[in-house]
Structure formats: C-alpha cells, structure tokens
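Take a look at the structure set out below.
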Amino acid sequence: MAFNTVTNLDFEDIKTSLKEYLRSSETFSDYNFEGSVLSQILDVLSYNTYYSALNANLIANEVFFDSASIRENVVSLAKIVGYTPRSAKSSKAVISMEIPVPPQIEALTLKKGEAFLGTNSNGSYIFSVLDDVTREAYLNSAGIRVVTFSEIELYQGNLLKVQYTVDTSTKQHFIVPSASADVDLLLVTVNQNNTSSPLTYRKSTNITNLRPDDLVYFIQENKNEQFELIFGDNVFGRKLENLEVVGIEYLTCNQDEANECSSFQFTGNFTFNGAVIRDINPTITVNQSSLGGATPENISSIKYLAPRYYAAQNRAVTIKDYETLILQLYPNVESFSVFGGEDASPPQYGKVFIAAKPYGAETLTTTAKQELQKAIREYTILSVIPEIIDPSYLYLEIDSFVYYNNTTTKRTKQQLAEIVRNVILGYGSDKDLNRFNGKFKYSKLVGTIDDTDVGITSNITRIRMQKHMKFLTNVFASYEVCYGNRISPNTDLRSSGFKITGENSTYVYFFEKMGTNTIAIYRQNGSEKIYYSKNAGTIDYEKGEININAININSAVGGLDYIELSVIPTSNDIVALRDTYLSISQADVSVTAILDTIASASRTSGVGQIPVSS
C-alpha cells in the first residue's frame with residue numbers, strides 16, 4: 001500500500017494525509033479516527049513530520065548566502081570565498097602638543113598606552129598611543145625651550161595584551177579575547193626559545209606571494225564573534241615551534257560612540273632617560289577630531305560584500321570592485337560615488353574619481369583622503385590613478401503652501417505648518433535623498449504632503465536648486481557652478497550677500513539674472529539698485545551651469561566661506577549624478593498654511609480665494 005503523495009507540509013494537511021493512509025488499510029477499516037486516542041497519535045505524528053520539515057528547510061536555508069540568517073553560518077560561507085568580516089573599528093584622532101621644559105631635559109618620550117581622554121556629546125573616552133614617541137627639545141621663536149609633538153595619532157580604546165604558549169601536540173586556537181577589538185591594529189609577536197628579541201608578524205590576505213619563512217598570520221572570525229589568528233605551515237609562512245610564546249597586543253574600543261571627540265586631556269606619562277617627568281601640562285592642538293569608529297560588520301553587509309569581494313579578486317578594475325573595496329577599507333563612509341574619468345566634465349582619461357561623504361561631516365579630512373587613496377592604490381592596475389574628491393552638494397529649497405479645511409482638521413494653522421515641515425524633512429531623510437545618485441520625485445513629495453492630515457485639501461509646492469560657491473579670498477578668480485540638472489530659462493537668480501575687495505566695506509553685493517542669460521552684480525541703496533557690473537557672467541540653461549567672470553571677493557555675509565546661488569530647475573524631478581550629493585536641510589524648508597475658503601465653512605463662494613501661483 002503506497003503512501004499518499006506529499007503535496008503540502010502544513011500541519012492539518014499532514015494529519016489529513018495520515019488519516020487517509022490509515023483508512024485505506026483493511027486493518028483500520030472500522031476505526032474512528034476522530035476518537036481521542038488515535039487523534040492524539042496522529043497529532044504527534046503530524047507535529048513530528050512538521051518539525052522535521054521545518055528543520056530541514058532551515059538547514060537548507062543556512063547553506064546559501066541569500067537565505068542564511070545565522071551569523072556563524074554567514075561568516076562560514078564568507079570564509080569559503082576568502083572574505084573576512086570587518087571587526088569593530090577604533091576612532092582615530094590627530095593632535096599636536098607643545099611642552100615647556102627646563103634646560104636639563106634634552107628630550108621627552110611619550111609612552112605608548114592610555115594617554116588621553118577625549119570628549120564628545122556622548123561622554124569621555126580613553127585614547128591610546130600605539131608606540132613610544134620621542135622628540136627633542138629646542139628653542140621656539142619666543143626663546144622658550146619646548147618639546148613639540150606634531151601630528152600624533154591617537155586611537156580610542158584600552159591597549160591590552162594576551163599571551164599563548166605554543167603546544168604543537170594539540171590543536172591550538174590563538175584568539176583575540178574581545179569582540180570589540182580592532183584587529184587592524186594588532187601587534188603580534190613571537191618569542192623564540194633561544195632568542196631575546198621577539199619576531200614581529202604581519203597580517204596577510206594573499207598567499208600568492210608568500211614564502212616558507214615569511215612572518216605572517218591569517219585571521220578569521222569564530223562562532224563567538226571573536227577573531228582567531230592562524231599561523232603558517234612552512235609552505236605559506238613560517239610555522240610556530242613548540243614552547244614559543246605568541247603575544248597579541250590589541251585595542252578594545254567603543255566603536256562609533258567615540259567619533260567626533262574634539263577636546264582632549266593628557267592623562268599619560270612623559271619620560272626622560274627612563275625617569276617619569278611629572279607636573280607637565282602640555283598645550284594640545286586638535287588637528288583632526290576623532291573619526292572612523294565603527295561597529296563590527298553586520299550580516300547584511302557580509303552577505304552583500306563577500307560575493308563581490310570574491311568577484312573582485314583583490315584588484316580594482318570595475319566600478320563594482322572599487323565600491324566593494326571602499327566599504328571594506330573605510331567603513332566610516334556614509335555614502336560614496338565612483339565614476340571613471342571619461343564621465344567627468346571635462347573628461348580625464350586614466351583616472352577613477354571617488355566622491356565620499358563620511359558620517360557626521362560633509363567632507364573627508366585631508367589625512368583620511370590620503371589614507372583611503374593609498375589603500376585603494378594597492379589594488380588598482382598600473383594605468384589607472386584613483387583620486388578622492390569632495391562631494392558637490394546640491395541643496396533643494398522647498399517652499400510649500402498648504403491649503404486646509406478647518407472643519408475637518410483637529411490641528412491649528414501653526415500645528416499644520418509644523419507637521420508638514422517635519423514631513424518634508426523626513427522625506428529628505430529618505431533613502432532616495434541625502435546620498436549620491438539620489439533622485440527627488442516631485443509628485444511623491446506633493447502626495448506625501450496631502451496625506452499628512454485629513455484636513456489638507458491641496459498644496460502648491462515650489463522647488464529651487466541651491467549650490468554653495470566657495471571662493472578665494474582677495475584673489476581675482478573665475479567660478480563655475482554646476483547644478484547637474486537643467487535650469488529653467490524663466491528662472492531668476494538669488495544669491496547670498498558678499499563684499500568685493502576695493503569697494504566700501506559697508507557695501508553688500510548680490511548676483512542676479514539680467515536679460516536672457518547674463519548675470520549682474522548689484523547692491524541695494526534703499527529701493528534703488530546700484531550695479532557693480534551688468535556683465536558678470538552667464539547662465540547655460542541646458543548644461544545647468546553658471547559661469548562667473550573674474551572677480552575679487554573679500555568675504556561673504558555671515559562669515560561663511562561660500563556664496564549661496566539659487567535657481568529654478570526645468571523639471572521638478574531632480575537627479576544627482578557622479579559627485580553630486582542631494583540633500584534637504586532644515587534652513588531651506590518653508591511651509592505656509594492657508595485656510596481653504598472654498599472647502600471650509602467660512603465662505604460659500606470661491607470668488608475671494610486668491611490661490612498661490614505654482
């Protein structure tokens with residue numbers, strides 16, 4: 001007697017199939033399958049089958065990258081393609097110090113370890129120096145004897161050390177004990193049996209160029225989300241010998257909590273000739289606030305990057321290769337865009353441009369750019385030069401007039417305006433904006449505003465594009481402002497105020513459109529416009545560019561280092577390509593709530609309603 005064909009693994013369907021199977025047997029022809037005893041037995045059999053099927057399905061899912069959900073399994077699958085998940089990252093700061101010293105002190109040594117206390121809005125955090133730093137004393141320009149420590153790199157976290165004695169008779173695991181350790185900052189040493197100076201090992205990610213005597217280690221994540229070191233086998237790297245001592249010095253950090261520390265207090269030690277020098281109060285200058293701290297790589301990121309890392313094969317050729325490497329090499333990047341030099345304007349063949357925006361800042365620091373460019377250069381082919389550039393921010397000015405029916409809404413006029421403003425800002429935080437290659441869809445925003453409150457009858461929302469034109473102070477220079485979108489021929493040109501070198505210091509000038517595509521510079525004298533130039537530049541509507549002729553700008557109103565230039569786009573749907581970063585800021589959103597006299601009870605006729613022009 002054949003069992004019924006399995007067509008469904010639902011509990012009730014399994015139970016029904018078992019009943020039909022038993023009924024088909026002559027032995028059970030006179031049994032009541034709804035009775036308590038047989039019903040309980042069938043329930044147990046159905047549950048057992050159901051759970052077995054569920055477990056089999058879960059096990060099958062964990063075998064594949066796309067469906068795996070347990071970190072241990074995802075990490076194991078990544079290991080097969082040679083990908084190691086990123087560990088926690090320590091926040092890095094750069095400072096300089098100047099210390100007055102008496103004549104008998106010829107030099108000072110800043111000892112490695114916990115030496116500074118950094119502070120940000122989250123609290124205070126320990127910052128460590130990873131190596132001893134020695135500087136000699138000298139007379140500064142004021143004739144004072146000082147010791148200066150310039151551009152000292154500080155890493156957030158506690159510097160700890162663990163040791164393992166090698167035992168070749170067992171399978172030994174060399175584990176970094178903390179899940180919050182930054183494994184990119186490990187110092188790994190091996191003390192040999194008959195020598196006094198330890199061997200220093202380096203991390204290797206590529207076995208193709210290794211020799212049997214190379215001092216290297218490999219690293220992998222274990223099931224406890226800790227990292228484990230693996231040493232060579234005398235084929236790929238030197239093999240450890242019995243009773244050698246492995247020392248692992250590591251930094252446990254607070255990950256991204258310690259980013260943006262801009263104030264530092266010295267808590268460490270200075271020494272001279274081995275003696276600790278006390279009562280020293282150095283003057284600290286912060287060259288770079290702390291940044292780069294990050295949490296360990298999450299499951300989604302591993303599943304996304306591991307196959308692409310395998311496809312890249314440790315080289316950067318395609319745009320996808322660069323995108324994969326950037327996420328692995330610099331996790332503090334919030335958004336980035338990679339494009340070839342052939343797509344630049346004008347084209348620059350042989351280059352790859354990388355525009356990157358870090359978390360908590362608009363641009364990468366000079367040091368961060370240099371580090372990222374140096375790291376990527378190791379993977380590029382010889383004929384291609386990677387170049388890190390700053391984002392070109394395109395800000396959207398949104399002016400919304402919201403009509404409402406006071407008989408259907410429970411909110412006041414002011415409350416309606418505020419909630420709509422929050423909705424617009426929330427829309428600006430959407431994944432389609434506040435990033436490179438972003439897209440602003442006008443109809444979606446208008447629909448979102450209408451849906452904010454049941455009392456809103458309609459809205460008229462105006463869009464403008466704003467760019468910040470950075471200028472050179474007291475230097476004659478020409479400027480090109482690119483919006484990356486077409487400018488409407490019917491646009492006006494609005495600008496923030498600025499002052500011109502050589503003119504009266506009380507005069508504040510502005511740019512405006514004059515004629516078809518000509519730009520003028522004027523100042524306001526009461527109700528009269530006095531022009532400095534009526535031919536100060538041109539507007540290219542098709543290219544979406546503004547070109548300013550050579551001008552000597554002294555300063556911008558408000559102490560800014562840029563001038564705001566705002567125009568109307570040809571289309572209300574805005575896109576951000578290449579190095580353009582699309583954003584909506586709080587200062588650029590204006591909402592006005594207007595009583596809809598047609599829909600409300602205040603008027604029976606629409607004659608008196610004067611709508612805002614769109």
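The values are calculated or read from the model by the stated rules, or taken from the named source; none is laboratory data. Predicted model only: the values in this text are computed from it and were never measured. All Cβ positions, even for glycine, are placed from backbone atoms using ideal geometry, and neighbour counts span all protein chains on display.
Quick one: count up the residues across the stretch 344-384 that are loosely packed, with under 14 Cβ neighbours inside 10 Å and either closer than 17 Å to Asn437 by Cα or of a type in the set (Val, Ile, Thr) (or both). Here the count works out to 4. Which one is surrounded by the most Cβ atoms within 10 Å (Cβ to Cβ) among residues in the stretch 280-300 that are farther than 20 Å from Ala368 by Cβ and not assigned by TED's automatic domain parsing to the domain that holds Phe116? Filtering the stretch 280-300 for residues that are farther than 20 Å from Ala368 by Cβ and not assigned by TED's automatic domain parsing to the domain that holds Phe116, the one surrounded by the most Cβ atoms within 10 Å (Cβ to Cβ) comes out as Pro296.
Could we say that Glu260 is at pLDDT 85 or above, in the same structural domain as Val176 (by TED's automatic domain parsing) and either surrounded by fewer than 16 Cβ atoms within 10 Å (Cβ to Cβ) or of a type outside the set (Val, Ile, Thr) (or both) here?
On the way: at pLDDT 85 or above: yes; in the same structural domain as Val176 (by TED's automatic domain parsing): no; either surrounded by fewer than 16 Cβ atoms within 10 Å (Cβ to Cβ) or of a type outside the set (Val, Ile, Thr) (or both): yes.
In short, no.
Which one is surrounded by the most Cβ atoms within 10 Å (Cβ to Cβ), of the residues in the stretch 385-421 that are aliphatic (A, V, I, L, M) and closer than 30 Å to Ala93 by Cα? Filtering first and then ranking leaves Leu394. Among the criteria (1) at pLDDT below 90; (2) in a loop (DSSP other than H, G, I, E, B); (3) closer than 29 Å to Glu249 by Cα, the one Asp131 does not fulfil is (1). If the condition is being out of contact with any helix residue (DSSP H, G or I) (no Cβ under 7 Å at 6 or more places or on another chain), surrounded by fewer than 19 Cβ atoms within 10 Å (Cβ to Cβ) and touching a residue at least 60 places away in the same chain (Cβ under 8 Å), then the stretch 567-587 contributes Ile568, Thr570, Ser571, Val575, Leu577, Ser585.
From the list Leu251, Leu199, the one residue that fits, being in contact with a Leu (Cβ under 9 Å, 6 or more places away or on another chain), of a type outside the set (Lys, Arg) and surrounded by fewer than 17 Cβ atoms within 10 Å (Cβ to Cβ), is Leu199. Checking the structure you have, find out if any residue of the stretch 482-492 is in a strand (DSSP E or B), within 24 Å of Arg578 (Cβ to Cβ) and within 38 Å of the chain's Cα centre (by Cα). Looking for residues that are in a strand (DSSP E or B), within 24 Å of Arg578 (Cβ to Cβ) and within 38 Å of the chain's Cα centre (by Cα), one finds at least one in the stretch 482-492, hence yes.
Restricted to the stretch 333-386, and to residues that are among the aliphatic types (A, V, I, L, M) and in a helix (DSSP H, G or I), which residue is farthest from Thr205 (Cα to Cα)?
Looking only at the stretch 333-386, we keep the residues that are among the aliphatic types (A, V, I, L, M), and these are 333, 338, 344, 352, 354-356, 361, 364, 368, 372, 375-376, 381-382, 384-385.
Filter once more, so that each one left must be in a helix (DSSP H, G or I): 368, 372, 375-376.
Values: Ala368: 23, Leu372: 18, Ala375: 14, Ile376: 15 Å.
If we take residues in the stretch 333-386 being among the aliphatic types (A, V, I, L, M) and in a helix (DSSP H, G or I), then Ala368 is farthest from Thr205 (Cα to Cα).
Going residue by residue through the stretch 91-107, is there one that turns out to be within 44 Å of the chain's Cα centre (by Cα), modelled with pLDDT of 80 or more, surrounded by fewer than 19 Cβ atoms within 10 Å (Cβ to Cβ) and on the phi > 0 side of the Ramachandran plot? No, that holds for no residue. Evaluation of Leu159 against the conditions (1) more than 28 Å from the chain's Cα centre (by Cα); (2) surrounded by 11 or more Cβ atoms within 10 Å (Cβ to Cβ); (3) of a type outside the set (Asp, Glu) shows that the sole unmet condition is (1).
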